[in-house]
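**Student:** Before we start, here is the structure in question, set down as structure tokens.
The values are calculated or read from the model by the stated rules, or taken from the named source; none is laboratory data. These numbers come from a predicted model, not from an experiment. A quick note on method: Cβ atoms are made from the backbone with ideal geometry, for glycine too, and the neighbour counts reach across all protein chains shown. For the accessible areas, the whole protein counts, side chains as well, though only heavy atoms, and no ligand, DNA or RNA atoms are used. Shrake-Rupley method; radii C 1.70, N 1.55, O 1.52, S 1.80 Å.
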Amino acid sequence: MKRLAFLVLVFFTCMAFPSQLFAESKKVAVYVVGDIIGDDKSIVSDAVLARMSGNKEYTAFERNGAFIKTLDKEQDYQLAGEVPEKEIREVGARLGVDYVIVVNVIISADRQCMMSARLIELESAKILKSVSLKREYDAHDVLSAMANNVAYRLLNKKSK
């Protein structure tokens with residue numbers, strides 16, 4: 001009798017909460033912009049991806065390099081400035097991701113590093129969360145620490 005009651009309970013739980021039981025993680029691509037170059041962009045991107053690896057709700061987009069190359073090609077056609085958010089969303093949708101994290105990094109002349117990031121849902125173009133940090137820039141490890149913090153704050157539901 002206990003087994004039957006247990007099976008009935010499990011059945012009703014599955015019926016009541018199917019999305020939690022079989023929810024797929026959301027595919028996310030990371031794109032780093034700003035006045036930093038190659039190695040620094042890789043440091044920021046790698047730190048965000050590393051933080052994302054522990055999150056069950058989001059999955060890092062495996063072809064991230066292809067995403068960046070495609071966006072860079074789009075940027076080459078621009079006369080000036082960064083790639084518009086609309087193009088980032090379009091490229092992300094073509095490559096099969098659900099979300100894009102856009103990280104903007106600026107290192108000012110007075111050695112202050114400003115990092116802002118947005119988590120954008122591609123289907124609706126809605127910015128789900130936006131965060132920013134400012135720290136003194138004295139070495140590359142500042143970029144990694146800031147990117148880790150930004151990613152945590154973007155992906156953690158408890159963070160504001």
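**Student:** How many of the residues in the stretch 100-109 are at pLDDT 90 or above and under 11 Å from the mean Cα position of the chain (by Cα)?
**Tutor:** Total meeting the criteria: 1.
**Student:** Which ones in the stretch 107-160 are in contact with a Ser or Thr (Cβ under 6 Å, 6 or more places away or on another chain) and outside any strand (DSSP E or B)?
**Tutor:** ARG153
**Student:** Show the residue pairs that are 6+ apart or on different chains and have beta-carbon atoms under 8 Å apart, the first residue being within the stretch 110-127 and surrounded by 14 or more Cβ atoms within 10 Å (Cβ to Cβ) and modelled with pLDDT under 85, the second being in a strand (DSSP E or B) and among the hydrophobic types (A, V, I, L, M, F, W, C).
**Tutor:** LEU122/VAL100
**Student:** If you scan the stretch 132-146, which residues turn out to be open to solvent by 90 Å² or more (accessible area, probe 1.4 Å) and in contact (Cβ under 8 Å) with a residue 40 or more places away in the chain?
**Tutor:** HIS140
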